[in-house]
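In what follows, a single structure is set out as structure tokens and then discussed.
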Amino acid sequence: MKKIYVSILAILALLLVISTVFLINQDSQAKSYSNRHEHDDQVESVNRMVDKIHKVNFLDELESNLKKEGYTSQFRLFVYSEEKKDIEVVLSTNTKTVDNDRILDIVNATAKENDLGTFNIKIIQ
């Protein structure tokens, strides 16, 4: 009789362990799905912003606006989401004396005209 109780307790303990592992696995899969969903949303957000930047020819317009002020430049654009965007304005070595505030104004005005929001701006000489 004692052996039956021990066997039943062993089976219950095994079922408890299996249930715990199953629940942990379910929770992990749910988190993985959630993370995947968040990642997919972020990728969509980045793609929307990149498409919009290309559609309005932002970089060409920005280059033209800077050229009107005497600056020769190239750009490095980093889009992390529709809200978080970085742009590096790389000025040519033969560019006139640099007025950082004026360059920032030109970048911000060009972005605003094209409804692109704000950029974190870094000027590289």
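Among the residues of the stretch 61-71, are any modelled with pLDDT under 85 and either touching a helix residue (DSSP H, G or I) at 6+ places or on another chain (Cβ under 9 Å) or among the polar types (S, T, N, Q) (or both)?
Of the stretch 61-71, the ones modelled with pLDDT under 85 are none.
No, there is no match, as no residue in the stretch 61-71 is modelled with pLDDT under 85 and either touching a helix residue (DSSP H, G or I) at 6+ places or on another chain (Cβ under 9 Å) or among the polar types (S, T, N, Q) (or both).
Selection over the stretch 51-89 of residues that are assigned to a helix (DSSP H, G or I) and either surrounded by 14 or more Cβ atoms within 10 Å (Cβ to Cβ) or among the aromatic types (Phe, Trp, Tyr) (or both) gives a count of 9. Scanning for something under 21 Å from the mean Cα position of the chain (by Cα) and at pLDDT 75 or above, does the stretch 16-36 turn up at least one residue? The answer is no; no qualifying residue exists.
The values are calculated or read from the model by the stated rules, or taken from the named source; none is laboratory data. None of the values given here were measured: they were computed from a predicted structure. We place every Cβ from the backbone using ideal geometry, glycine too, and count neighbours over all the protein chains shown.
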